[in-house]
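Reviewing the structure listed below.
Rule-based calculations on the coordinates, nothing more; no lab input. In this text, all values refer to a predicted model and were calculated from it rather than measured experimentally. A quick note on method: Cβ atoms are made from the backbone with ideal geometry, for glycine too, and the neighbour counts reach across all protein chains shown.
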Amino acid sequence: MEFTLLWAALLAFGAVWVMLWLERRLGLDPEDRSFDTLLGAAASGLVAGRIAAMLLTGTNPVTHPADIILIRGGVDTGFASIGALLFLVWATRRSLPAALDLISPAILAGLAGWHGGCVFRGTCLGTRSELPWAVAQPGSDLTRHPTELYAALLFLLAAVGVLLLLRRMRGGVPTGLVLAAAGLIRLITEPIRPSLGSGPIWWYTSAIVVGIALAGSAFLRRAPDGGYETYRNSRRRPAEE
C-alpha cells in the first residue's frame, strides 16, 4: 500500500473537518452533516478518476476489476473532479445552491490539505528557482520552487475568504467563486510545475469561466437567505419534524 498517499489523503480530510468545524463554531451551519457528503464525493471522484485512467491506458476495468483499487497506478484528475461534482449535485439536489455554498470552503480546504501533503509524498518541488525560499532535493544543488506549497497556501487563503463571504452572501455565489478560484490557482501555478507538456490548461480555464458565470448569475437571482431555510428543512430527520 502507498502510505505516502494515505497521509496526504488524511491531511486533506483533516482540513475538510476543521473547516466544517469552523462553520459550526461561526453558526453558519449548526445542523451540519456535510462531512459524509464530502466523503461520498471524494470516494466517487476517486473511483471515476481511476476508471478513466485505466480506460485511457488501455486497461479494461470490467476484465480487470482488481486494478481499480490500485490508486497508485494513476487517477485522472479531470474525470475525478467531474465524478465528485456529479455526486455533490445528486446528494444536495433538494436544495442545491445553499448546500453547495456551505461545503464550498471545505472543498478548498481539502485541496489545500492534499497539496500540502506533498511533504509526505516528496513532490513539493517544481521548476528551477533562486528565490530565498527555494528548496533543493536531497543530494542536489539545484534549488526549485516549492510549487505544491504555493498552491496549498493559495487554496487555504481562498477557503478562509469564502468562509468569511458565507456570513454575508449565499445563493450560489460562494460555489461559483470556489470553482473559479480552484481553476485559477491551478492555472497560475502550472508554469512552475515540472511537466513534459503544458498540463490540462483547458480544464482550469473552463473552471474559471464556468465559476465566474455561476457566481454572476447567482448574485443576480439570489434569495435573501440564499435558500438556507429550504436547505435546513430538506435535511431534517423525521423525528425533527
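Below 13 angstrom from the Cβ of E148, what's the summed charge of the other residues (Lys, Arg +1; Asp, Glu -1)? If you can, show how the numbers build up before the last one.
Details: positive: R121, R144, R186, R193; negative: E190.
Here the charged neighbours net out to +3.
Take A213 and M169, extend 7 Å from each Cα along the Cα→Cβ direction, and tell me the distance between the two endpoints in nm.
With each label placed 7 Å out from Cα toward Cβ, I get 1.9 nm.
With labels modelled as points extended 7 Å from the Cα through the Cβ direction, what inter-label distance (nm, one decimal) is found for L157 paired with W202?
My value for the distance between the label points is 3.1 nm.
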